[in-house]
Amino acid sequence: MDGSSPPPAVTTHRLIAASAPAHDVERADVEAVGSVAYRKLYKKREPIYPKAAQGVFRRAKWAILGVLLVIYYATPWIRWDRGPGRPDQAVLVDFAGRRFWFGPIELWPQEIYYITGLLILAALGLFLFTSLFGRVWCGYACPQTVWTDLYLWVERRIEGDRAAQIRLAKQGWTLDKIGKKAVKHAAWLAIAAATGGAWVFYFGDAPTLVREIFTGAASPTTYGFIGLLTFTTYALAGAMREQVCTYMCPWPRIQAAMMDEQSLTVTYRKDRGEPRRAFRKGESWDGRGDCIDCKQCVVVCPQGIDIRDGLQLECINCALCIDACDAVMEKMGRPKGLIAYDTDLNMDRRSKGAPERFDLVRYRTVIYALSMVGVAALMLYSLATRQTLQLNVIRDRNPAFVTLADGSVRNGYTLKIINMQPRARDVTLSIEDAPGAVMTIPGATVAGDVAHLRAAPDAVTETHVFVALPREAVHEASHTITFAVSDAVADADGRIAVDRNPTAFLSGVHDDD
Amino acid sequence: MSEHKKDIDAHSGVATTGHEWDGIKELDNPLPRWWLIIFYATIAFSVVYWVMMPAWPTLTGFTHGVRNYSDRAVVAQELSALKAQRAPEFERLMQVSAEQAEQDPALMNFARAAGKAAFGDNCATCHGAGAQGGKGYPNLNDNVWLWGGTLDDIEHTIRVGIRSTHADARFSQMPAFGKDGLLTEAQVTDAAEYVVKLAGGPAKDAAAVRGATIFGEQCAACHGADGKGDRTQGAPNLTTGLFLKADPAAVASKDWTSLRGSIVAQITTGSGGVMPTWEQRLDPATIRALAIYVHSLGGGEATVDPAAATPAAAATNPTR
Ligand code: SF4
Ligand code: SF4
């Protein structure tokens with residue numbers, strides 16, 4: 001297919017090396033599936049059978065995985081009492097009702113900028129963490145990593161670890177194999193369906209939805225989204241795995257711009273490891289590197305790469321190779337950390353004999369941190385001083401103005417009074433800076449330029465208003481008049497809600513006549 | 001693409017298609033499998049589609065497909081469903097009087113929406129999309145009415161039309177004073193000058209005085225001695241300055257040169273516009289909805305209180 005001479009045996013799954021080891025370190029005679037030497041543009045996916053790792057980072061990753069999954073699955077079930085007639089789900093995106101509920105916060109569609117703010121915060125946070133600790137997001141928190149890890153765990157429960165999986169793959173279709181594969185895929189599908197199921201709970205009342213889903217009463221949209229997320233979870237975490245990170249995800253490309261030579265990344269310390277060579281008992285460690293070429297870092301890698309090739313786009317910094325190599329070093333009686341979180345700069349420093357250092361405080365990190373604080377402060381301020389009574393004014397365009405029989409000029413406006421409180425409000429609508437203005441509102445009592453209206457609770461009340469100005473008061477083709485709505489009673493915080501909105505009053509008149 | 005000179009690209013090791021464009025060759029990589037699968041799936045889909053749906057033209061028509069689907073039938077179905085859905089509200093609209101309908105917010109909203117749609121389909125051609133009118137076509141937003149601005153007046157006008165084919169059509173006829181030689185050209189100019197004066201314009205005194213006499217003799221019978229018009233015979237009020245037969249821009253900006261010309265032209269020709277009768281075209285409920293819509297545009301008058309007909313009161317009509 002590639003036309004070139006095929007690479008030498010890309011994956012040979014032999015477990016024990018030819019040269020008898022003089023220690024109890026397991027050796028693997030393999031080439032990394034995604035090793036730099038054999039990476040091709042058009043190549044069929046080589047299956048990767050990552051070996052289970054054990055160590056500090058593996059334990060940390062299990063803990064983080066647990067916490068994240070609990071957050072994901074449990075959040076929709078947290079209740080939050082908001083009083084009668086309002087949803088009691090703590091986190092709810094209500095598309096039909098056009099509200100976003102987040103604990104005590106209720107957001108309207110026009111306040112979507114808070115979501116924008118959250119996204120900006122998340123992006124800045126990602127930038128900050130990337131410039132400090134490299135791809136920690138990829139390694140620990142990304143859903144692709146979390147779910148793939150979970151799927152791998154299930155796979156090992158059923159098919160065994162790497163060696164058993166490879167054996168199973170090579171063997172013919174026995175009943176045992178069919179059984180194992182069936183159980184595995186069923187378990188994967190169940191997890192995928194639960195993932196899709198949990199997703200829809202964020203968009204509707206979870207207890208109601210779960211009943212509807214199982215009785216077949218939920219909407220086709222609900223089933224559609226569950227199906228879609230079931231499929232993507234199954235496909236991305238079960239089948240595509242490392243390909244998502246390597247080929248689909250933009251983040252590996254973007255992060256290259258976020259990192260610098262001071263960012264921590266999972267690094268093979270070649271200054272210490274090379275020249276690598278298998279270790280024979282009694283051999284001296286002088287004149288050779290600490291890497292004994294046992295390739296345990298390669299077999300645990302879920303991305304199918306060899307960290308010893310250097311910093312690579314494929315590496316998600318999951319740190320499992322650190323765990324693998326640390327175990328080897330321990331057995332060999334060498335210091336841990338042949339593979340470790342390190343920076344380019346420190347490798348450089350060590351090679352020059354200078355002391356290592358790691359600066360948390362750098363221009364880049366300070367700027368990211370300050371921007372985050374700034375955005376967060378801005379959002380908090382705007383949330384705290386948020387208007388719960390708002391007035392939108394839309395001027396009639398056709399006709400722009402109407403001259404009446406007595407010479408006075410009339411304009412029409414559609415007012416939208418937005419009441420974000422759960423109580424009906426008696427509001428006063430008035431016109432400012434237009435003496436002599438006469439307001440007419442169908443169905444409402446109006447005294448000159450002041451009217452009393454009722455704003456429905458938690459809703460937009462729309463009213464059409466005519467405003468007439470006597471001929472003597474009109475001097476220009478366009479005047480500015482200001483509508484104001486104010487609540488009759490004070491809010492819970494003691495403030496009386498008021499909103500003003502200036503608009504144009506057109507007359508077609510020029511002041512010389 | 002002859003086999004014997006298969007050209008292998010040195011860099012990638014892939015065969016090229018054999019074509020060369022300004023030194024650029026195309027690699028002959030196989031198509032991705034997923035792409036091919038989708039491609040074949042689309043072909044399979046189109047075959048299924050031909051069987052299921054109308055697809056091929058024939059000499060006399062087209063193949064209808066197993067589903068016998070037709071967009072036109074679907075639209076017709078949706079339209080009749082919509083009609084059926086709205087029927088109860090239209091019915092309710094005819095069970096109460098137009099005034100009562102205006103007092104009921106739900107019914108009023110429905111009538112306004114239905115009226116607005118009907119207005120756009122039927123009336124906007126002449127009166128404009130915003131009912132703002134034009135030269136010779138009344139503006140329905142203001143409080144100037146030739147035949148009355150109450151709900152009943154408006155409904156009746158829509159029903160029978162003006163100078164239409166309907167037996168009870170609203171009808172008035174202004175003589176073509178100039179054209180038919182009833183007045184000389186100078187007399188027409190003088191009368192026009194008096195109308196300018198009535199409307200509060202900068203009239204030339206001597207001409208206006210001469211015009212006043214002519215007005216008293218020729219025009220007052222219909223337009224009234226004070227020029228305030230008479231709605232019972234559709235004679236316009238000449239004192240407002242809102243001339244129907246003048247350019248609306250000139251009316252708005254009080255361009256008296258232009259207005260004066262329009263007044264002279266009107267006295268000369270006595271032209272009158274035509275509004276069709278809608279009784280045969282629209283059902284009574286739609287006409288009522290139209291009347292309510294037009295009445296709600298801002299200039300509608302209250303039915304009971306004749307005092308409301310005074311311009312200032314009508315402008316700020318408190319009953320609505
Ligand atoms: S880096 Fe560590 S785990 Fe990897 S081959 Fe060398 S000694 Fe083994
Ligand atoms: S090279 Fe190491 S850190 Fe990178 S993906 Fe593989 S195991 Fe994880």
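The values are calculated or read from the model by the stated rules, or taken from the named source; none is laboratory data. Bear in mind the structure is a predicted one, so any value in this text is a computation, not a measurement. Quick reminder, even Gly has a Cβ in these numbers, built from the backbone with ideal geometry, and neighbours come from all protein chains shown. The accessibility values were calculated without ligands, DNA or RNA, using every heavy atom of the protein model including side chains. Shrake-Rupley method; radii C 1.70, N 1.55, O 1.52, S 1.80 Å.
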Quiz prompt | Extreme residue, nearest to the other protein chains (Cβ to nearest Cβ), among residues of the range B:88-115 that are under 23 Å from the mean Cα position of the chain (by Cα) and exposed (fewer than 15 other Cβ atoms within 10 Å of the Cβ) | solution = B:Asn109
Quiz item: Among the residues of the range A:304-315, which ones are in a loop (DSSP other than H, G, I, E, B) and either near ligand 2 (Cβ under 6 Å from one of its atoms) or within 14 Å of chain B (Cβ to nearest Cβ) (or both)?
Solution: A:Ile305, A:Cys315
Practice problem: Could you grab me the full set of residues in the range A:316-355 that are part of a helix (DSSP H, G or I) and among the β-branched types (Val, Ile, Thr)? | Solution: A:Ile322, A:Val328
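So that you can scan it fast, the table gives a plain yes or no per residue for (1) more than 24 Å from A:Ile64 (Cα to Cα); (2) more than 16 Å from ligand 2 (Cβ to nearest atom); (3) modelled with pLDDT of 85 or more; (4) of a type in the set (Lys, Arg):
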| site | (1), (2), (3), (4) |
| --- | --- |
| A:Arg272 | yes, yes, yes, yes |
| A:Lys281 | yes, yes, no, yes |
| A:Cys297 | no, no, yes, no |
| A:Pro302 | no, no, yes, no |
| A:Ala319 | no, no, yes, no |
Quiz item: What helices (runs of 4 or more DSSP H) lie completely within the range A:98-183 and have 2 or more residues being of a type in the set (Ser, Thr, Tyr) and touching a Gly at 6+ places or on another chain (Cβ under 9 Å)?
Solution: A:143-159
Quiz item: Taking B:Leu182, is it surrounded by 14 or more Cβ atoms within 10 Å (Cβ to Cβ) and either touching a helix residue (DSSP H, G or I) at 6+ places or on another chain (Cβ under 6 Å) or modelled with pLDDT under 90 (or both)?
Solution: no
Quiz item: Would you pick out the residues in the range A:321-347 that are open to solvent by less than 10 Å² (accessible area, probe 1.4 Å) and near ligand 2 (Cβ under 10 Å from one of its atoms)?
Solution: A:Ile322, A:Asp323, A:Ile339
Quiz item: Of all residues in the range B:145-183 being out of contact with any strand residue (DSSP E or B) (no Cβ under 9 Å at 6 or more places or on another chain) and of a type in the set (A, V, I, L, M, F, W, C), which is nearest to the other protein chains (Cβ to nearest Cβ)?
Solution: B:Trp145
Quiz prompt | 3 or more residues open to solvent by 30 Å² or more (accessible area, probe 1.4 Å): qualifying strands (runs of 3 or more DSSP E) within the range A:356-446 | solution = A:389-395, A:425-432
Self-check item: Selection count, the range B:263-276, where residues are part of a helix (DSSP H, G or I) and in contact with a Lys or Arg (Cβ under 6 Å, 6 or more places away or on another chain)
Solution: 3
Quiz item: Are there any pairs, at least 6 apart or on different chains, whose C-beta atoms fall under 7 Å, with the first in the range A:50-77 and away from ligand 1 (no atom under 16 Å from the Cβ) and the second open to solvent by 30 Å² or more (accessible area, probe 1.4 Å) and aromatic (Phe, Trp, Tyr), and if so, which?
Solution: A:Lys61/A:Tyr140; A:Ile64/A:Tyr140; A:Pro76/A:Tyr202
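Residue-by-condition table, conditions (1) in a loop (DSSP other than H, G, I, E, B); (2) surrounded by 11 or more Cβ atoms within 10 Å (Cβ to Cβ); (3) not polar (S, T, N, Q):
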{"site": "B:His11", "(1), (2), (3)": "yes, no, yes"}
{"site": "B:Thr16", "(1), (2), (3)": "no, yes, no"}
{"site": "B:Pro30", "(1), (2), (3)": "yes, no, yes"}
{"site": "B:Tyr40", "(1), (2), (3)": "no, no, yes"}
{"site": "B:His64", "(1), (2), (3)": "yes, yes, yes"}
{"site": "B:Arg86", "(1), (2), (3)": "no, yes, yes"}
Quiz item: For the range B:193-207, which residues satisfy the criterion of being free of Cβ contacts under 8 Å to residues at least 12 places away in the same chain and closer than 14 Å to B:Val264 by Cβ?
Solution: B:Ala203, B:Lys204
Practice problem: Report whether or not A:Ala468 is within 14 Å of chain B (Cβ to nearest Cβ) and in a strand (DSSP E or B). | Solution: yes
Quiz item: Looking at A:Pro109, A:Pro87, A:Pro50, A:Pro104, which one is crowded, with 16+ Cβ neighbours inside 10 Å, over 30 Å from A:Ala32 (Cβ atoms) and more than 17 Å from the chain's Cα centre (by Cα)?
Solution: A:Pro87
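Yes/no per residue for (1) within 26 Å of A:Leu345 (Cα to Cα); (2) crowded, with 19+ Cβ neighbours inside 10 Å:
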{"site": "A:Pro207", "(1), (2)": "no, no"}
{"site": "A:Ala217", "(1), (2)": "no, no"}
{"site": "A:Asp271", "(1), (2)": "yes, no"}
{"site": "A:Asp290", "(1), (2)": "yes, yes"}
Quiz prompt | Failed item, numbered, when B:Pro318 is tested on (1) part of a loop (DSSP other than H, G, I, E, B); (2) at pLDDT 90 or above; (3) within 14 Å of chain A (Cβ to nearest Cβ) | solution = (2)
Practice problem: Find the residue count for the range A:219-231, including only residues that are surrounded by 17 or more Cβ atoms within 10 Å (Cβ to Cβ) and either outside the structural domain of A:Ala96 (by TED's automatic domain parsing) or within 14 Å of A:Trp147 (Cβ to Cβ) (or both). | Solution: 2
Practice problem: Spot the failing condition for B:Val75; the list is (1) exposed (fewer than 11 other Cβ atoms within 10 Å of the Cβ); (2) within 14 Å of chain A (Cβ to nearest Cβ), and only one is missed. | Solution: (2)
Quiz item: Just to be sure, is B:Ala249 within 14 Å of chain A (Cβ to nearest Cβ), at pLDDT below 95 and open to solvent by 40 Å² or more (accessible area, probe 1.4 Å)?
Solution: yes
